[in-house]
Amino acid sequence: MRIRVYSNRKPTSRKVTQELLEKLRKAGFILDKKTPDVVITIGGDGTLLSAFHAYESQLDTVRFIGVHTGHLGFYTDWRDYEIDELVRSLKEEKQNSVSYPLLDVCLTYTNNMPDRHFLALNEATIKNVDRTMVANVFIKDELFECYRGDGLSVSTPTGSTAYSKSLGGAVVHPRVNTLQLNEIASLNNRVYRSLGSPMIIAPDEWIRLDMKKRETYSLHVDNLSLTNSNIKHVKFCLSEKRIHFALYRHTHFWRRVNNAFIGTSKESSERL
């Protein structure tokens, strides 16, 4: 098995990384940065996002494992004090994995530039840099509304616990193949109207935004940010690619949600 250990630069993470690398070498694993079978991230969700984008061209062959060294890690199943147990699990050579949907973002330009595609694990958000954003929103090529507001965000099921939740979106189980569209501070009055509610998009449908010409837009795709003034369309759909997490240990999704946002303990639950 070829393994890549991918870490952030925090001292705690670096210490855990060195410990893990030493134990992997002693256990006989091959350390391979170019074509790993498993990528182990040391840090938090941001570290795993960076690793995902670093290996997004190899998603068909790479499985991810997250070890978190901070206070909260939604994509991480292991703690920094469980390194020995993780190495023992790797030696069992289980090939099982769980896969989650990804978002495909396609930009079409007004100046005949080639289309650009991006993959997102969490979400993509677009805003007008200088003023209220105006965009025609199409669902599967049918005009749904003319949106006016601060911007729009499209999230994956796993991304539903990130920025989407802050916008009032629903928490969606990652086995549900869908996208979620959220409005950001939309204008709703007797002149301008939009739905004003999160929308769950069917897996065989897509979202297309027709952007107002000669405006400057800021697009965020996970931790990538770019600014452009010649965007004609933005299309969001489920990608044919998926991210795979190794099943040496995988925390139940709703337990992750509880741990992250509620933290209910047996002692605090009310006897009914």
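Every read-out reported here was derived from the displayed coordinates using simple, explicitly stated rules and does not represent laboratory data. Remember, predicted model here, so these are calculated numbers, not experimental data. Backbone-built Cβ (ideal geometry, glycine too); neighbour counts: all protein chains shown.
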Of Trp206, Trp78, Trp254, the one that fluctuates the most in a GNM where the chain has Cα springs shorter than 10 Å: Trp254
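With the convex hull built on the Cα atoms of the range 101-240, state its orientation-averaged projected area in nm².
8.0
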Per residue of the range 5-17, what does 6.51 cos²θ - 1.76 cosθ + 1.60 with θ = phi - 60° give for ³J(HN,Hα)? Whole Hz please, x for Gly and Pro, Karplus curve as stated. 9, 10, 10, 7, 9, 5, x, 4, 5, 5, 5, 5, 4
Antiparallel %, DSSP beta bridges [both residues in the chain], to 5: 80
Phi-based couplings in Hz for the range 50-59 (Karplus 6.51, -1.76, 1.60; Gly and Pro marked x): 5, 5, 4, 6, 5, 10, 5, 7, 10, 5
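Where the convex hull is taken over the Cα atoms of the range 11-76, what is its projected area averaged over directions, in nm²? Before the final figure, lay out each step's value.
Numbers: hull surface 18.1 nm².
Projected over every direction and averaged, the Cα hull of the range 11-76 covers 4.5 nm².
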Where does the Debye-calculated log10 I(q)/I(0) of the range 72-164 sit at q = 0.13 Å⁻¹, using only Cα point scatterers of equal weight, no solvent? -0.69
The range 182-264: projected area of the alpha-carbon convex hull, averaged over directions, in nm²: 9.5
In a shell of Cβ-Cβ distance under 12 Å around Glu56, excluding Glu56 itself, what net charge do Lys and Arg (+1) and Asp and Glu (-1) give? -1
Would you calculate a helix-derived [θ] at 222 nm for the chain, using -39,500 (n - 2.57) for each DSSP H run of n ≥ 4 and dividing by the full residue count, to the nearest 500? -5000 deg cm²/dmol
Charge tally in the Cβ shell below 13 Å around Pro157, where Lys, Arg are +1 and Asp, Glu are -1, Pro157 excluded: +3
What pairs in Lys127/Lys241; Lys10/Lys33; Lys33/Lys91 have C-alpha atoms more than 22 Å from each other? Lys127/Lys241
Need one number: the % of Cα-Cα pairs in the chain sitting beyond the 35 Å mark. 25
Please report the net charge: other residues with Cβ closer than 10 Å to the Cβ of Asp104, K and R +1, D and E -1. +1
